[in-house]
Amino acid sequence: MDEVMKRYEALKEKVDGRWAEFAELMKFIETETAYLTAPASTKFHLCIEGGLLEHSVNVAGNLLKIKNVLAPEISDESCVIVGLLHDLGKAGMPGEPQYLKNEPSPKQKA
Ligand SMILES: [Fe+2]
């Protein structure tokens, strides 16, 4: 299991109060969408296979750090759910990615 998946699984373990609902939702997301393999963007931030997952894990991790300082009353569980799923709309379905292949322009390659 790679480092991102380890961090992903550790974050999911922070969900306890809504575990049953969360587990069911994540099972659907992981098996019926391209969430685990989709890129985070077409040609910018983490435009690689698994980029969306890596971005989501990074956001959830940073959200936990920030909330511990600014709003410790917010549950870890809420931060994990929001962080992991904030870009779910980018996932697309297997074989039907949300993003179309889009080559960088000459200016972007420079
Ligand atoms: Fe995002």
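Could you please find all residues in the stretch 64-110 being at pLDDT 70 or above, within 16 Å of the ligand (Cβ to nearest atom), assigned to a loop (DSSP other than H, G, I, E, B) and not charged (D, E, K, R)?
Of everything in the stretch 64-110, those that are at pLDDT 70 or above, within 16 Å of the ligand (Cβ to nearest atom), assigned to a loop (DSSP other than H, G, I, E, B) and not charged (D, E, K, R) turn out to be His86, Ala91, Gly92.
Here are the criteria: (1) assigned to a loop (DSSP other than H, G, I, E, B); (2) open to solvent by less than 20 Å² (accessible area, probe 1.4 Å); (3) aromatic (Phe, Trp, Tyr). Tell me which single one Phe22 does not satisfy.
Result: Phe22 passes all but (1).
Tally time: how many residues in the stretch 29-63 are more than 12 Å from the ligand (Cβ to nearest atom), without any contact (Cβ under 8 Å) to a residue 60 or more places away in the chain and part of a loop (DSSP other than H, G, I, E, B)?
Selection size over the stretch 29-63: 7.
The values are calculated or read from the model by the stated rules, or taken from the named source; none is laboratory data. Treat the numbers as computed from the prediction; the structure is a model and nothing was measured. So basically every Cβ, Gly included, is an ideal-geometry build from the backbone, and we count neighbours across all protein chains shown. What goes into the accessible areas is simple: the full protein's heavy atoms, side chains included, and nothing from ligands, DNA or RNA. Shrake-Rupley method; radii C 1.70, N 1.55, O 1.52, S 1.80 Å.
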